[in-house]
Amino acid sequence: MTPTDILNEAKGRFGVLLHSDEDKLQSLLYQALGAYQDKAGVVYTARIQSDEIAEDVYSPPADFLQRLVVKDKRGQFVSSMIMQSNGGPQLIVEVEGDHIYPLTITYLVNLRTQNRDTYQIPNEHIPLIIDYLEALIAIPNAERLHRVAVGGKVDAEHIPDNSSLYERKTLLEERMSSARAILPMVTIV
């Protein structure tokens, strides 16, 4: 699913969606992706062939946020550091000694900045992101539903209160933290 698909799924969970301004919903989507990125994280790996490194510099993938580790074919640690340039981050790789290609870079994904219409989020992350986005939308939506009910002199008891909505949001943040990405093992020789 793309981020746009996730937003549409979350919106579809509401019988009455009064908080429907597209800019505000996009802002909540950005917030949900950022919270998931910060609390749980999405980890990808990429293979680096020897011809992809010019003068020990490698340009990481477009969804690159932060390097976790670089290993060689045998799983041995390869020293590296990130340098920022005008074209984005550059990975400086110090391939010395008996390292064997291909190298594997394990990195955190930047969910916030990806194209919301085309970027595919891995399936295992989608349910929690949708649940969290739904919780974010529910807070302002319930406030509007409550105002409409009070203004129309209709019973508002069926509308969830802010404390229960914020409690659900907090519980989902705790679930994200407990689903935190596991760092890969390396061998240092």
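The values are calculated or read from the model by the stated rules, or taken from the named source; none is laboratory data. Everything quoted here is computed from the prediction, not taken from an experiment. No Cβ is skipped: glycine too gets one built from the backbone with ideal geometry, and neighbour counts run over all protein chains shown.
Among all residue pairs at least 6 apart or on different chains, which show Cβ distances below 8 Å where the first residue, located in region 25-52, is more than 16 Å from residue 69 (Cα to Cα) and the second is charged (D, E, K, R) and assigned to a helix (DSSP H, G or I)?
25/11; 35/173; 39/173
Those residues that are part of a helix (DSSP H, G or I) and either in contact (Cβ under 8 Å) with a residue 24 or more places away in the chain or within 8 Å of residue 39 (Cα to Cα) (or both), I need them from region 167-181; list them, please.
Across region 167-181, the qualifying residues are 168, 169, 172, 173, 175, 176, 177.
Determine, yes or no, whether residue 32 is surrounded by 13 or more Cβ atoms within 10 Å (Cβ to Cβ), in contact with a Phe, Trp or Tyr (Cβ under 6 Å, 6 or more places away or on another chain), modelled with pLDDT of 95 or more and more than 30 Å from residue 102 (Cα to Cα).
In short, yes.
Read through the list (1) in contact (Cβ under 8 Å) with a residue 60 or more places away in the chain; (2) on the phi > 0 side of the Ramachandran plot, then give the number of the only condition that residue 119 fails.
(2)
Residue 159 passes all but one of (1) modelled with pLDDT of 95 or more; (2) surrounded by 15 or more Cβ atoms within 10 Å (Cβ to Cβ); (3) more than 14 Å from the chain's Cα centre (by Cα); which number fails?
All conditions are met except number (1).
If I ask for residues that are buried (at least 18 other Cβ atoms within 10 Å of the Cβ) and outside any strand (DSSP E or B), which ones from region 61-94 would you list?
Listed by number, the residues that qualify are 72, 78.
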